[in-house]
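The structure appears right after this line, and notes come after that.
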Amino acid sequence: MKTATQTYDPAWQEKYRSMVATPEEAVARIRPGQRIFIGTGCAEPLRLVSALTQRAVELPDTEIIHLLTYGDAPYAHKAMTQFFRVNSFFIAENVRGIIQEGLGDYTPIHLSDVPGLFNSGQLPLDAALIQVTPPDERGMCSLGVSVDVVKCAAENASLVIAQVNPNMPRTLGDSLVHVYDLDVLVPVEDAILEVPPMEITEETRHIGEHVAALIEDGSTIEIGIGRIPQALLEFLRDKRDLGIHTEMISDRIIELIEAGVLTGSRKSVDRGKVVTSFCLGTKRLYDFIDNNPMFSFHPTEYVNDPYVISKQNKMVAVNVALEVDLTGQVCADSLGTRFFSGVGGQVDFNRGAAKAKGGKAIIALPSTARDGSVSRIVTRLSPGAGVVTTRAGVNYVVTEYGVAYLHGKSIQERALALICIAHPKYRAQLLREAIEAKYLSASMADIEGKILVGPKELKTTYLLKDGTQVNFRPIHPTDEPRMRDLFYALSQQTIYYRFMSFRKVIPRRAIQEFVYIDHRNDVTIVGTLPEASGEEIMSVGSYYLDPKTNMAEVAFVVRDDWQNRGIGTFLLQTLIRTARRNGIRGFSAEVLTDNKAMQAVFNKSNCKLKTKFSGNVISYEMAFD
């Protein structure tokens, strides 16, 4: 029984007596050959579904339409397919078997477009079986935990049979229907279906951490279905003033609200409100949302409207995929020719977030499947796999190995970025296949075995006196164009100090020597600043180990407009800490005698220094304590 304050008319059964019926009496009004909509998710009206299934032999050629159901689906059992034809807009586990066997059907469609099928009459509904709260004094019933496409289905169905349950939480927003817009009321007092939080694995936790790093304070986020979006919530606890505009919420949202992380105070639309269309959770969540004005449940045609989504500043959409190819094509609804889930709202939110001011559209997936025996980053999608999000519509792809930013990038840049976030044991194979497919130049064959991503432990930040934050991280294989940009932004004097010669051109091979390293014997750390296309490199520091002496040669350079601000000193200290952890004895370096700034950095390194002069060059040896 629900313990929340009663918000419905206690005399409703007497007041609407002529509309009240048992489940069996209600479904007796359904005739053979009709199309029946069944309510979504945890609001599935189980008593009505059971009564309907018991009439199976009387209802040949009946079509069952639904979005996503989490309860039992007895009409989807193999023996029932001679009477009921299932047509699902999203494939849950309870109907996946018959659909993959060809005994049921799946309609791929953007979730935002489903209401249009009902409104236009393209998919007329003869009946809708839904679940609501009892009516209040004004005769208004709440659709509770599932508004989504249920409200539109109820508005368009010729016959609406409502399972009326006092245990259904009363959700607010555009979630109410008048009792006289319903045709039959079936009183029940059952517990609402519950979906416990998914188990978070170490793999999904790493993915969630990478995604969280892309989310700024004040962002509004969409969290799709699956383990990865739920894992993300664990890493948002240090964020401030986040908002929610999403299809679905789960129990994990409660902790962020109670911690003051989710306030919605900086949303540009529906400020202060958690906007959603349905929830999949437990009684803890149902009690939390019950009559809670912070939550605003809306139909899919509002929540999933790309235009509405795009009006949110810093809108971040997080959705999952089954497979991504090296050009950026995303498969999210099928495993080859076997349909697995659905298009859902991925494209709706992807488009909306990409168009939002400061928005980010993120596709996340584990790097492998089947216990690591299959790579999810592939050169070509599996035969029969469908493209849900096209290569032109992808911004970020995230695995447990990092983030690939694809928007506006060439095929070569995309392929390399995606290979870098694939599982290490598949990177060499993907590189060879990419070269065979002409996605990469044949000259890239030389880097096979060198596509390595630096440890996240090397990430740090440095706050300048003027408040500017510089981010430091290991160099990444996709940094080749950024390193080229850095070189051509340097003055000839800075180039001379760094390379001890004047250079107007830097060969690609020389840049690759910076980029493709092992992150132990050779370490390169870059200082970056955010920009519209991701980030720009404004400093770089490296060391190169001589295994014979266990000493490493160190060198670094800072772009001219950022010099004399402590960045060089910070880079050196970061490299020293890294070298110490790797068991290296000390650093060596060569500096021109007129490069006073670099000499000052080395002289205050807190190392045991030895210097040796040879012409216009000073040789430094810096032994660690």
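So which residues in the stretch 591-608 are assigned to a strand (DSSP E or B) and loosely packed, with under 15 Cβ neighbours inside 10 Å?
Initial filter on the stretch 591-608 (assigned to a strand (DSSP E or B)): 591-592, 608.
Selection gives Lys608 alone.
Which of the residues spanning the stretch 231-288 are among the hydroxyl-bearing types (Ser, Thr, Tyr) and farther than 27 Å from Lys311 by Cβ? If you could, list the steps in order and put the result at the bottom.
Restricting attention to the stretch 231-288, the residues satisfying the condition of being among the hydroxyl-bearing types (Ser, Thr, Tyr) are 246, 250, 263, 265, 268, 276-277, 282, 286.
Those that are among the hydroxyl-bearing types (Ser, Thr, Tyr) and farther than 27 Å from Lys311 by Cβ: Thr282, Tyr286.
Determine whether Gln122 is assigned by TED's automatic domain parsing to the domain that holds Glu24 and touching a strand residue (DSSP E or B) at 6+ places or on another chain (Cβ under 7 Å).
So Gln122 fails the test.
Can you pull out the residues in the stretch 411-451 that are part of a loop (DSSP other than H, G, I, E, B) and surrounded by 19 or more Cβ atoms within 10 Å (Cβ to Cβ)?
Here is the first cut: in the stretch 411-451, the residues part of a loop (DSSP other than H, G, I, E, B) are 421-423, 437-441, 448-451.
Within the stretch 411-451, Ile421, Ala422, Tyr439, Leu440, Ile451 meet the criteria.
Taking the conditions exactly as written (among the charged types (D, E, K, R), modelled with pLDDT of 95 or more and surrounded by 23 or more Cβ atoms within 10 Å (Cβ to Cβ)), does Lys267 satisfy them or not?
Judged against the criteria, Lys267 is a match.
Pro383 passes all but one of (1) surrounded by fewer than 17 Cβ atoms within 10 Å (Cβ to Cβ); (2) in contact with a His (Cβ under 7 Å, 6 or more places away or on another chain); which number fails?
Answer for Pro383: the failing condition is (2).
For the stretch 389-405, how many residues meet the condition of being in a loop (DSSP other than H, G, I, E, B) and either out of contact with any Leu (no Cβ under 6 Å at 6 or more places or on another chain) or under 22 Å from Glu203 (Cα atoms) (or both)?
Qualifying residue count for the region: 4.
Could you tell me which residue of the stretch 19-53 is surrounded by the most Cβ atoms within 10 Å (Cβ to Cβ), considering only residues that are among the charged types (D, E, K, R) and either within 42 Å of the chain's Cα centre (by Cα) or not assigned by TED's automatic domain parsing to the domain that holds Leu111 (or both)?
As a first pass, look at the stretch 19-53 and keep what is among the charged types (D, E, K, R): 24-25, 29, 31, 35, 44, 47.
Okay, now just the ones that are also either within 42 Å of the chain's Cα centre (by Cα) or not assigned by TED's automatic domain parsing to the domain that holds Leu111 (or both), so 35, 44, 47.
On the way: Arg35: 18, Glu44: 25, Arg47: 20.
Ranking the candidates gives Glu44 first.
Give Glu436, Glu413 a once-over and let me know the one that is over 23 Å from Ser539 (Cα atoms) and not β-branched (Val, Ile, Thr).
Among Glu436, Glu413, only Glu436 is over 23 Å from Ser539 (Cα atoms) and not β-branched (Val, Ile, Thr).
Take the stretch 41-68 and flag every residue that is closer than 25 Å to Glu247 by Cα and out of contact with any Cys (no Cβ under 9 Å at 6 or more places or on another chain).
Of everything in the stretch 41-68, those that are closer than 25 Å to Glu247 by Cα and out of contact with any Cys (no Cβ under 9 Å at 6 or more places or on another chain) turn out to be Ala43, Glu44, Pro45, Leu46, Val49, Ile64, Ile65, His66, Leu67, Leu68.
What do you reckon, is Leu571 surrounded by 17 or more Cβ atoms within 10 Å (Cβ to Cβ), without any contact (Cβ under 8 Å) to a residue 60 or more places away in the chain and under 24 Å from Met622 (Cβ atoms)?
no
Which residue out of Gly386, Gly408, Gly358, Gly372 is under 18 Å from the mean Cα position of the chain (by Cα), outside any strand (DSSP E or B) and not aliphatic (A, V, I, L, M)?
Only one candidate passes the filter, namely Gly358.
Residue-by-condition table, conditions (1) surrounded by 12 or more Cβ atoms within 10 Å (Cβ to Cβ); (2) within 13 Å of Phe556 (Cα to Cα); (3) in the same structural domain as Gly402 (by TED's automatic domain parsing):
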{"site": "Leu463", "(1), (2), (3)": "no, no, no"}
{"site": "Gly467", "(1), (2), (3)": "no, no, no"}
{"site": "Asn471", "(1), (2), (3)": "yes, no, no"}
{"site": "His476", "(1), (2), (3)": "yes, no, no"}
{"site": "Arg482", "(1), (2), (3)": "yes, no, no"}
{"site": "Asp485", "(1), (2), (3)": "yes, no, no"}
{"site": "Ser491", "(1), (2), (3)": "yes, no, no"}
{"site": "Thr494", "(1), (2), (3)": "yes, yes, no"}
{"site": "Phe499", "(1), (2), (3)": "yes, yes, no"}
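Filter the stretch 411-433 down to residues that are among the aliphatic types (A, V, I, L, M) and under 13 Å from Val453 (Cα atoms) and give me whichever is farthest from the chain's Cα centre (by Cα).
Ranking the candidates gives Leu416 first.
Take the residues in the stretch 150-209 that are of a type in the set (Lys, Arg) and modelled with pLDDT of 95 or more; name whichever of them is farthest from Asp251 (Cα to Cα).
Lys151
Determine whether Asp290 is farther than 22 Å from Thr133 by Cα and among the charged types (D, E, K, R).
In short, no.
Tally up the residues in the stretch 41-61 that are of a type in the set (Gly, Ala, Ser) and free of Cβ contacts under 8 Å to residues at least 60 places away in the same chain, please.
So the count comes out to 3.
Can you find even one residue in the stretch 151-158 that is of a type in the set (S, T, N, Q), crowded, with 19+ Cβ neighbours inside 10 Å, assigned to a loop (DSSP other than H, G, I, E, B) and touching a helix residue (DSSP H, G or I) at 6+ places or on another chain (Cβ under 8 Å)?
Among the residues of the stretch 151-158, not one is of a type in the set (S, T, N, Q), crowded, with 19+ Cβ neighbours inside 10 Å, assigned to a loop (DSSP other than H, G, I, E, B) and touching a helix residue (DSSP H, G or I) at 6+ places or on another chain (Cβ under 8 Å), which makes the answer no.
Which members of the stretch 434-457 meet the condition of being closer than 26 Å to Ala579 by Cα and over 24 Å from the mean Cα position of the chain (by Cα)?
Within the stretch 434-457, the subset closer than 26 Å to Ala579 by Cα is 447-457.
Passing the criteria: Ile447, Glu448, Gly449, Lys450, Ile451.
Any chance the stretch 89-97 includes a residue that's surrounded by fewer than 22 Cβ atoms within 10 Å (Cβ to Cβ), charged (D, E, K, R) and without any contact (Cβ under 8 Å) to a residue 12 or more places away in the chain?
There is at least one residue in the stretch 89-97 that is surrounded by fewer than 22 Cβ atoms within 10 Å (Cβ to Cβ), charged (D, E, K, R) and without any contact (Cβ under 8 Å) to a residue 12 or more places away in the chain.
Looking at this structure, is Asp371 out of contact with any Gly (no Cβ under 6 Å at 6 or more places or on another chain) and farther than 25 Å from Ile207 by Cβ? Even if it seems obvious, please write down each step before you answer.
On the way: out of contact with any Gly (no Cβ under 6 Å at 6 or more places or on another chain): yes; farther than 25 Å from Ile207 by Cβ: no.
So Asp371 fails the test.
The values are calculated or read from the model by the stated rules, or taken from the named source; none is laboratory data. Model, not experiment: these values are computed from the prediction. Cβ coordinates were reconstructed from backbone atoms using ideal geometry, including for glycine residues, and neighbour counts include every protein chain displayed.
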